[in-house]
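Worksheet: the structure to be examined is printed underneath.
Only the coordinates and a few stated rules stand behind these numbers; no lab work does. Because the structure is a prediction, the values reported are computed rather than measured. Cβ placement follows ideal geometry from the backbone for every residue including glycine, while neighbour counts extend to all protein chains displayed.
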Amino acid sequence: MRKVSVAVPVPFLDLLTYNVPDGLTLPPIGGRVRVPVGSRVLTGCVVEYPSEPGADELKDIIDVVDNDPLLLPDVVALCRWVADYYLAGVGDAMAAAMPPGARRQATSFKTKRVAAVTALGSDPLSRSGSRGLTPKQNEALEVLSGSATGLPLSELRDRGVSSDVIGRLAARGLVLRAEADERDPFERAVMTNVHPSIRALTTEQAQAFQQLMTLADAGEFRVALLHGVTGSGKTEIYLRLAERARRAGRQTLLMVPEIALTPSVAALFRATFGERVAIQHSGLSDGERHDQWHRVRRGDVDVVVGTRSAVFAPLTRLGVIVVDEEHDTSYKQEEAPRYHGRDVAIVRGQGAKALVVLGSATPSMESYQHALSGKYARATLERRVLDRPLAAVRLVNMREEYAEQGPEAVISRELAAAIDDRLARREQVLVLLNRRGYATAVFCRQCGDAFECPNCTISLTVHTARHGWNARCHYCNYTMTVPVQCRKCAAPYLEHAGFGTEKVEAHLRQKFPEARIGRVDRDSIRRKGALASLLSRFAAGELDVLVGTQMIAKGHDFPRVTLVGVISADVGLGVADFRAGERTFQLLTQVAGRAGRGERTGEAVVQTLYPEHYSIQLACRQDYASFFEREIGYRRGMRYPPTVALVNVIVRGRSFDEAMSTATQLTQRLKQFSVTSSFVILGPAPAPLVRLRGESRVQFFLKGPRRADMRNALKAMLAETPEVRRKITVDVDPLNVL
Ligand code: ADP
Ligand code: ZN
């Protein structure tokens, strides 16, 4: 009997075993098959050929989709590791590795035809003028107008647009059909400081490169931390490692936190490797992602630049994996499978016998600890290139400022003066506040009624709306118009409290009416292309000041920025997260690192209520080593990661009591499975967000030195009560414990 184990895209479901009937060829591992699941037929992926005889009344697979594997064997193995380590369903993990649309259709590896709307077709006037367009034709134009570079006919078909309709539109000159040139997502990338020519490395760079190159050449699995201050030229080293790997016939995977925020890295690789680079991230359209994925699968590229999901890219000759800004929290996926891109990259590197380089100016506590212990190699860049000094940081004590200026102060006099100075010199300014919106709460001054989200235990954030104010929940997106009067007592005294980026922008506009100001936060970049456009306008000098959230703190390289203002350095310090100090240190160090990257020296002005806090003090001095010492002492004392491992379990229920009683049962079961007693269970207790999207939430933690013990206990518990899977979220190595 020929049998296959198949991963299907059903949350939490384990592998299913099927019989391969005589009429069908045996599907390859990593190939897709159509299988019956309950009353449905789904596309799954073959994971293994089971060895045990198993039950004989197996169902038959219906069809074999791929005769060649879609997923490579090592990627299949990686997905299984992810499913096991993060306690996720195999199907969920495999879905992360699939190109978009792979669940629906067989993929053609041949060139395909695309259709794009013509100038005539995109002109609404000529369109309305061309009488007699059917609803279907209009719909097709609508779909196509969303994509400047056109869409493949296969994708159009999936979206309900037949090639017939396209044919008729083409006949009227409204649509153009062509053989697909693959769409190039780099075309939209902002090209800042692209220099394809390779420059001489500084002595420090040369040393670090030499060290990493030797490791890469050995062709063995190895992890190295590249700890280099901001502006020390880490990208140049990545570039050379990739070049060296290419010459040895091996490929490079460069992972970045968010491509849109670090377009210069992608652009630089493009300028150097041309066609031999593929780019992968979630901001691309399905069609673009599909193209890029298949270019990699065909072996047409030497380098993949991508975000966390690129860790599953179908590269067969991996030699080097670089995880840039390895400390960045966007490497962690906050939905199933809850994997950490950096940690999966290390496992992938192990399988591929590759060198894994973790780069950062502010390494995570986890990585630095491994570097100190010798588990990871370490290369260091202590100076900026061309001996540019690090930005000088001035702290402004906002308590004194409030005493002088009143409690409404947002921008201190010192920061205002510094901005004024830069504007006069035609230099650029970044202003950071890691909180979006206009105000953080609305309440009635008479009766105290505050606007909370009806679905979540969180106060609504005030945003500027076209007419007046909106109040919006940042978790579930519940939105209401802020009324003129209090809902409870009808008093006309509604007041805003707290402030976010929108208010900072408003204050800046008021103070500096001549300045050209842009804002970057999740609200201002909703429209596709808005972020790229803001960043490129800033890069081109069309904006003087850019206000924003942590998005502006990431790896940008704007040489004309000579001042960085931090409105409220302690935004993150008040939260009940043991990583708050680490986050604050990273954010401040990174944002200060954006200043003075060009010829002129930079300066940062940091406003804070806690100027004496060690995270703030040490970030100002850019003293990572002291910060690590201090922080690791605290983690050790409190028994927090990285000195122990942590698993977070959130139990959801319709009511608090229901969630609590489920959680209590689960923790009791877990205690029985904790045979070795190598871990403790903390809780259950109300989750910090006790209501979220209408559900009640209770949480507990498992904490101990050995993850495997915790994992095994959780697995045993889940095997016993599989129905509970739908009510709980298990987060192994959680980064966000709120
Ligand atoms: P990091 O990623 O370490 O913060 P980057 O790689 O962005 O630093 O480099 C900072 C700046 O220095 C960039 O503008 C880069 O082009 C420039 N640079 C890097 N290496 C050299 C070098 N060897 N000589 C001159 N300029 C360099
Ligand atoms: Zn809500």
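Key figures
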| quantity | calculated |
| --- | --- |
| The chain shape via C-alpha gyration tensor axes, a/c threshold 1.5 | rounded |
| Contour excess over end-to-end distance, with Cα ends at S39 and T643 and 0.36 nm allotted per residue | 212.6 nm |
| The chain: antiparallel DSSP beta bridges as a percent of all, rounded to 5 | 50 |
| Dipole in debye (nearest 20) - the chain, about Cα centre, beta carbon charges: Lys, Arg +1; Asp, Glu -1 | 600 |
| Additional length obtainable on full extension of the chain from A580 to E48, 0.36 nm per residue less Cα span | 187.2 nm |
| Other-chain or far-sequence residues with amide H under 5 Å of A441's (modelled H) | V462, A497 |
| Estimated FRET transfer efficiency when R0 is 60 angstrom, pair A200-R522 (beta carbons, to 0.05) | 0.90 |
| Whether the range 194-267 is rounded, prolate or oblate, judged on the alpha carbon gyration tensor where a/c under 1.5 counts as rounded | rounded |
| Percentage relative contact order, the chain, counting C-alpha pairs under 8 Å, at least six apart | 10 |
| Those aspartates and glutamates that a straight Cα-Cα span of less than 20 Å connects to K488, excepting residues fewer than 8 apart in one chain | D449, E452 |
| Backbone N within the range 563-602 under 12 Å of label point (7 Å from A515 Cα along the Cβ vector) | 563-567 |
| Förster-model FRET efficiency, 30 Å R0, K488 and N736, C-beta, rounded to 0.05 | 0.35 |
| Protection-proxy order for peptides 28-36, 395-403, 237-245, each taking the mean of Cβ atoms within 10 Å per residue, highest first | 237-245, 28-36, 395-403 |
| Value of relative contact order over the range 432-576, rounded to a whole percent, pairs C-alpha under 8 Å and six or more apart | 28 |
| FRET efficiency, L26 to D421 (Cβ-Cβ, R0 51 Å, nearest 0.05) | 0.10 |
| Unsatisfied cross-links (Cα-Cα over 18 Å) in the set K3/K59; K332/K727; K59/K715; K503/K554; K353/K375; K234/K554 | K332/K727; K59/K715; K503/K554 |
| Two-site label geometry, N712 and D300: point separation in nm, points 7 Å out along Cα→Cβ | 4.8 |
| Ranked by how many other beta carbons lie within 10 Å on average, peptides 540-548, 484-492, 42-50 from highest | 42-50, 540-548, 484-492 |
| Prolate/oblate/rounded label for the range 486-533 (Cα gyration tensor, a/c 1.5) | oblate |
| Sum of -39500 (n - 2.57) over DSSP H runs of 4+, divided by residues of the chain (222 nm, nearest 500) | -9500 deg cm²/dmol |
| Packing-based ranking, highest mean first, of 312-325, 617-630, 216-229, 371-384 given that Cβ atoms within 10 Å are counted | 312-325, 216-229, 617-630, 371-384 |
| Relative contact order for the range 409-515, counting Cα pairs under 8 Å that sit 6 or more residues apart, in percent | 30 |
| Computed label-point distance, nm, for sites C476 and A403 using a 7 Å Cα→Cβ extension | 4.4 |
